[in-house]
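The values are calculated or read from the model by the stated rules, or taken from the named source; none is laboratory data. Note that the structure is predicted; figures quoted are calculated from it, not measured. Quick reminder, even Gly has a Cβ in these numbers, built from the backbone with ideal geometry, and neighbours come from all protein chains shown.
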Amino acid sequence: MIKYFVEIKNRTILLFISYFLLFVVFYYYSYFLLILTIFLNKEIINNNILNYFIFTSISDLFYIYLKLAASFSNYLIYFVTSYHLICFLKPGLYRKEFLSLKFYFKVNLIFNMVLFFFFNITLLPFISRFFFDIYFDKINYINLFFEANICEYFLFYKKTYFSFFINFQLMILFLLFLNYFNLNFKIIKKIRKIIYLIILLFSTMITPPDVISLILFYSILICLFEINFFFTILKRINQVNN
């Protein structure tokens, strides 16, 4: 038992050291990261209205640099922590369970890289264009001037991206949940209604507050669940026959 506490202590120290080093590196390159978060949004570059940023306090840029370093460090330390957690749990897992966690970790890492580029190249410009069009794509009877505050823009970027990131992580956990219960047919027969309720709660958490989106997303998840369960049954039948 003591060796497990020692391992937890050592891995916790490694995580703190890793976070500190990541924070130092990202803070050193914080100006480059700030430029990156701005210029990846092609809508800002192409829009003549937004050709500069303002800051209203002498400490704003320092605050932004700290927030940038902390945000990117938190983002990467999440995957480092997941890796250490899998390594810690490995001795107590069956080979199949370990390979499943390893597979989902790799898939999660790859898809989050795809999410990062997709968000910055496609989603963020689309969202920016939507808000710009509301104010500047109409005939205005009064003059409207927009001056972007660098702090407000970064907070908008951070909240938007991490909303997508958290929803994506919830989706991964939900798929793990479905995969676990699909391998236990007796359990799934008993708690099928509870699983439907969990799917409904999950859909409510990650969809916009309108009924159409909720029903659509809930229906898609139910279909995926039933399809996944159906193919699992076919796989089991095939294994028994062979």
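Annotations
- In the set S18, S57, only one residue is modelled with pLDDT under 90 and among the small types (G, A, S); that residue is S57.
- Qualifying residue in the stretch 157-166 (condition: at pLDDT below 75 and part of a helix (DSSP H, G or I)): no
- Filter result (of a type in the set (S, T, Y) and either at pLDDT below 75 or outside any helix (DSSP H, G or I) (or both)) within the stretch 208-224: S213
- Entirely in the stretch 1-106, the helices (runs of 4 or more DSSP H) that have 1 or more residues that are of a type in the set (G, A, S) and either in contact (Cβ under 8 Å) with a residue 60 or more places away in the chain or within 29 Å of T160 (Cα to Cα) (or both): 2-28, 30-39, 60-89
- So F39, is it farther than 17 Å from N149 by Cβ, modelled with pLDDT under 80, over 19 Å from the mean Cα position of the chain (by Cα) and of a type outside the set (D, E, K, R): yes
- Qualifying residue in the stretch 182-201 (condition: modelled with pLDDT under 65, within 27 Å of Y104 (Cα to Cα), within 26 Å of the chain's Cα centre (by Cα) and assigned to a helix (DSSP H, G or I)): yes
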